[in-house]
Amino acid sequence: QVQLVESGGGLVQPGGSLRLSCAASGSIKSIGGMGWYRQAPGKQRELVAAITSGGSTNYADSVKGRFTISRDNAKNTVYLQMNSLKPEDTAVYYCNAHLNFRYYWGQGTQVTVSS
């Protein structure tokens, strides 16, 4: 069974950094675009960053210059390096990936930015 497993969330002070990881496992025959979304309390889920199988990236305006998405195709893993974190970055972060011609979601990992 194909699944996405996230790790790396936690509590960090404003200005700090975190690195999220999302590994795809199972019988994976094809892997396409991967990305990170987030959902804050009372708000809709929004795209944070995405990366194609060829390595092209795009970011939400709110995180440009602070977050970096990358992927390791050999490990079927996508990363999100988050620097200069702000309280408004607090949310549950979800991994999303196009695997075997359909989209999968991870279970989510909490990121809390607070002093």
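The values are calculated or read from the model by the stated rules, or taken from the named source; none is laboratory data. Please read these numbers as outputs of a predicted model, since none were measured by experiment. FYI the Cβ positions are ideal-geometry reconstructions off the backbone, even for glycines, and counts take in every protein chain you see. Ligands, DNA and RNA are stripped out before the accessible areas are found, and what is left, the full protein with its side chains, is counted by its heavy atoms. Shrake-Rupley method; radii C 1.70, N 1.55, O 1.52, S 1.80 Å.
At least 1 residues that are modelled with pLDDT of 95 or more, open to solvent by 50 Å² or more (accessible area, probe 1.4 Å) and of a type in the set (S, T, N, Q) in each: list the strands (runs of 3 or more DSSP E) lying fully within segment 49-115 that qualify.
Filter on segment 49-115 gives 57-59, 67-72, 77-82, 109-113.
Of all residues being among the hydrophobic types (A, V, I, L, M, F, W, C) and over 12 Å from the mean Cα position of the chain (by Cα) in segment 19-59, which is farthest from Tyr79 (Cα to Cα)? Just the residue, please.
So, considering only residues that are among the hydrophobic types (A, V, I, L, M, F, W, C) and over 12 Å from the mean Cα position of the chain (by Cα), the one farthest from Tyr79 (Cα to Cα) is Ala40.
Quick one: which residue in Thr57, Thr68, Thr52, Thr77 is without any contact (Cβ under 8 Å) to a residue 60 or more places away in the chain and closer than 17 Å to Val111 by Cβ?
Answer to the selection: Thr68.
Scan segment 19-28 for residues that are at pLDDT 95 or above and open to solvent by 60 Å² or more (accessible area, probe 1.4 Å) and jot them down.
Arg19
Restricting attention to segment 4-18, and to residues there that are assigned to a strand (DSSP E or B) and loosely packed, with under 14 Cβ neighbours inside 10 Å, which single residue is nearest to the chain's Cα centre (by Cα)?
Ser7
So which residues in segment 29-46 are open to solvent by 60 Å² or more (accessible area, probe 1.4 Å) and in a strand (DSSP E or B), if there are any at all?
Selection gives Tyr37, Gln39, Glu46.
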